[in-house]
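Read through the structure below, which is laid out as structure tokens, and then see the notes.
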Ligand code: ADP
């Protein structure tokens, strides 16, 4: 009898031994006995035909049946099972066959074992890669869901807070009128002013929450109008003049070529963005410091810079400060305020500013030599704004053309 034919006679012994030894492997079920019979028969076919590839389909099936938890903790691998089955095969052969037959079988089985292990390892790598890809997809989905619910929460909370706030503002106004008629006095006015300030601050926070949810949901609509950067900076300078005087800070506007060019942008939104940058520059610069607004004209763009002589920003915080509800690691939670040194806020100013600039097709970034409250290295925020010569909407462009370009109007 040829060695491979002798091998066939060992089926029963082989299956009993294999089932017994593999039962120690976690995850090997009773039904696996049937699989063992198939494996043995295919092993015989491989021996008989000198073709190790005949075992590939069963290895593929086993590899597919690995559960996600097997893959995660690598408790059972097809390679391990294969290795075990071949050592059982060698053991059964040496116990059941004569020396010569078992040696001859060993020689024929070895290339099959090598091929099997190599193929099992390749399958496992593939499965691991698929598993990692699935995990990454799942994590991405979870993160997106989390972000969506965060942004839904912001939008719902903001709208719900707005109604009672309007009531408070209305009653405060009525109280002021009544009080003015009946018990007008220093004390009452002071209390009413305090109430107004609180309501105003709350309104600004709610407006910021609404803006950030518009930006997050790509719902920010822009109302393009003609505007001039230099005029906008003058209005900003006027608005902050008394605050900067209070902080003994100097505002320098270095006029640049292009600053008085007519461009199309949503002037209200751009004002809001630049105001955030100037108020931050004031907040994070000590008393007596300076804020310099400069810029340059680039092909198709205007670049604006807001440079301050303030505390600066640590390298690791440079990306983080543009995320919502974040503040640089060094910023202590000082009382919130518009212009107080290191005054805290909800951490929405920069994400809104970036959202507005990006909605225009521009970019916002910052440079700083680091955070230092002794040397005050300062920070420079750069705003790159497309210098649109007409509004993007063709209808509006046609309508407005006579206003900014009388010769070409139709
Ligand atoms: P908020 O709405 O609370 O003012 P921002 O989003 O405008 O928050 O800013 C986030 C954080 O970025 C601030 O808390 C501060 O740590 C840092 N930051 C912003 N502007 C400056 C600046 N000019 N100099 C130093 N740090 C700054």
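Tabulated values for the structure
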{"item": "Inter-centroid distance (Cα atoms) of segment 267-294 relative to segment 138-168, Å", "result": "28 Å"}
{"item": "Relative packing of 15-22, 378-385, which averages over residues the other C-beta atoms within 10 Å, highest first", "result": "378-385, 15-22"}
{"item": "Exposure proxy order (Cβ contacts within 10 Å, fewest to most) of 163, 285, 9", "result": "163, 9, 285"}
{"item": "Sites residue 23 and residue 140, calculated FRET efficiency, Cβ-Cβ separation with R0 30 Å, nearest 0.05", "result": "0.15"}
{"item": "C-alpha long axis of helix 394-404 to longest principal axis of the chain, angle in °", "result": "30 degrees"}
{"item": "Extension reserve of the residue 323-residue 397 stretch, reckoned as 0.36 nm per residue once the Cα distance is removed", "result": "23.2 nm"}
{"item": "Three-way shape call for the chain based on the alpha-carbon gyration tensor, with the a/c threshold at 1.5", "result": "prolate"}
{"item": "Listed peptides 136-148, 386-398 by packing density, highest first (mean Cβ within 10 Å)", "result": "386-398, 136-148"}
{"item": "Sequence-separation-based contact order of segment 179-299, relative, with Cα cut under 8 Å and 6+ spacing, percent", "result": "29 percent"}
{"item": "Distance from segment 237-257 to segment 97-128 (C-alpha centre basis), Å", "result": "81 Å"}
{"item": "Helix 99-181 vs. the chain, principal-axis angle (Cα, 0 to 90°, nearest 10)", "result": "20 degrees"}
{"item": "Burial order of peptide ranges 194-200, 39-45 (average beta-carbon count within 10 Å, highest first)", "result": "39-45, 194-200"}
{"item": "Crossing angle, helix 78-96 versus the chain [Cα axis fit, 0-90 degrees, rounded to tens]", "result": "10 degrees"}
{"item": "Distance between modelled label sites at residue 254 and residue 166, nm, 7 Å Cα→Cβ extension", "result": "4.7 nm"}
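Every read-out reported here was derived from the displayed coordinates using simple, explicitly stated rules and does not represent laboratory data. A quick note: this is a predicted structure, and the numbers were derived from the prediction, not measured. Methodologically, a virtual Cβ is constructed for each residue, glycine included, from the backbone with ideal geometry; neighbour enumeration extends over all protein chains shown.
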